[in-house]
Amino acid sequence: MIKDIRMPWEDRPKESSEVVWRYSGNPIIKRNPVKGIARIFNSAVVQYKDGFIGVFRAETTAILPHLRLGYSKDAINWEIADKPIDFIDESGKPWNPYYAYDPRLVLVDDVYYIIWCTNFYGPTIGLAKTTDFKTFTRLENPFLPFNRNGVLFPRKVNNEFLMLSRVSDNGHTPFGDIFLSASKDLAYWGKHRHVMTKGGSGWWQSLKIGGGPAPIEIDDGWLVLYHGVTNTCNGYVYSMGVAILDKEEPSKVLYRARDYVLTPEKEYETTGFVNNVIFPCATLVDEKTGKVAIYYGAADTYVALAFSTIDLLVEFAKNNNEKVGDDDSLGR
Ligand code: BMA
């Protein structure tokens, strides 16, 4: 976490008792934001120098997703680069994926890592690093295909990098749990552990779940926002949930809220290229005040912003667990 963070903020509306509330100016990135780009969504941002920088999922007018940088002074109004990020491999040769989507951007020990869904005989996790947002060095793919939703932890735990991921298929994956893997060098990954299963209590996450923004370190664990998906007669519906993982052994789920904290309700979430999608990829967190700004993709069409606080999210994860019927598995 960066000290002295500046971040966008709106207080919770007086009449609201929501755990997570939306920015009144949503969506912050609209359709056709740059020439040749139809939609930007599912994207990640960090504070950088005197402003903010982001890695954005940009879909061309031929519908091919790739990653672009974006720059902002206030983390709300974004200027998107006019070309894709150019990667090199570790020997310095140009290397660019055929497609790239759903990026996360995580700072670990002074290095920014981009984690995304890349193509390697089907979708799997791609990984690259940068320190200056000018040179982007692609590292080895952490996992075999098929895999999506790679989420790196913002610090090493017991001297190892940790990454959440979701084993998947080559299509719109009708299953999926969250797993954890560890690496000492970012080249070799192992010690794979199961973290959370789809399901829980209630149907909003009955089909599959996947990691969201980088876990947020709190006093007694890791606060995670994640997406949970249900299947309906009209297709999948993506909502956002909250859980707390053990600090030293993050494969252990300490708490997991029963209910979602955000589900598609606004028109920019219910109606778009893919209706009914809320897909969180990044947060900005103010350690001092506990304010959290959540960046999420809406309907595979827009970038939107919502707010909460560490206290509200923790309280909800811990206490929103009243038993419904006989199924109390909650993924444990
Ligand atoms: C998933 C990913 C996400 C997308 C979601 C809903 O499989 O492709 O990028 O937001 O489907 O379409």
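The values are calculated or read from the model by the stated rules, or taken from the named source; none is laboratory data. Just so it is clear, the structure is predicted and the values come from calculations on it, not from any experiment. Every residue, glycine among them, receives a Cβ derived from its backbone with ideal geometry; neighbour counts consider all protein chains shown. Ligands, DNA and RNA are excluded from the accessible area calculation, which covers all protein heavy atoms including side chains. Shrake-Rupley method; radii C 1.70, N 1.55, O 1.52, S 1.80 Å.
Computed values, structure above
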| quantity | calculated |
| --- | --- |
| Kirkwood estimate for region 81-128, i.e. one over the average of 1/r between Cα atoms, Å | 11.8 |
| Residues of region 238-327: accessible area per residue with a 1.4 Å probe, Å² | 39 |
| The chain, relative contact order [Cα under 8 Å, separation at least 6], % | 16 |
| Region 164-262, Cα convex hull volume normalised per residue, Å³ | 105 |
| Partner lysines for Lys252 [C-alpha distance under 16 Å; skip if fewer than 8 residues away on the same chain] | Lys191, Lys198, Lys318 |
| Among Ile80, Phe153, Gly290 - extreme Cα towards positive end, dipole of the chain, charges at beta-carbon | Ile80 |
| Region 222-329 shape via C-alpha gyration tensor axes, a/c threshold 1.5 | oblate |
| Value at 222 nm in deg cm²/dmol, rounded to 500, when DSSP H runs of n ≥ 4 in the chain each add -39,500 (n - 2.57) | -1000 deg cm²/dmol |
| Overall Cα dimensions of the chain - principal axes, largest extent first, Å | 57, 45, 43 |
| Candidates Ser183, Ser308, Ser17: whichever shows maximal mean-square fluctuation once the chain is modelled as a Gaussian network with Cα springs under 10 Å | Ser17 |
| Per residue, the convex hull volume that the Cα atoms of region 231-270 enclose (Å³) | 95 |
| Compactness relative to 2.2 N^0.38 Å, alpha carbon Rg of region 1-130 | 1.16 |
| Given charges at beta-carbon only (K, R positive; D, E negative), |dipole| of region 188-332 in Debye | 380 |
| Dipole magnitude of region 51-114, debye to nearest 20 (Cβ charges: Lys/Arg +1, Asp/Glu -1, about Cα centre) | 160 |
| Rounded accessible area per residue of region 105-231, 1.4 Å, Å² | 38 |
| Reciprocal of mean inverse Cα separation for region 56-113 (Kirkwood radius, Å) | 13.1 |
| Label-point gap, in nm, between Lys252 and Glu79 - each point 7 angstrom along Cα→Cβ | 4.9 |
| Dipole magnitude (debye, nearest 20) for the chain, charges at Cβ of Lys, Arg, Asp, Glu | 600 |
| Length released on extending from Asn32 to Ile63, taking residue separation times 0.36 nm less the Cα-Cα span | 9.9 nm |
| Pairwise centroid distance, computed over Cα atoms, of region 105-160 with region 213-290, Å | 20 |
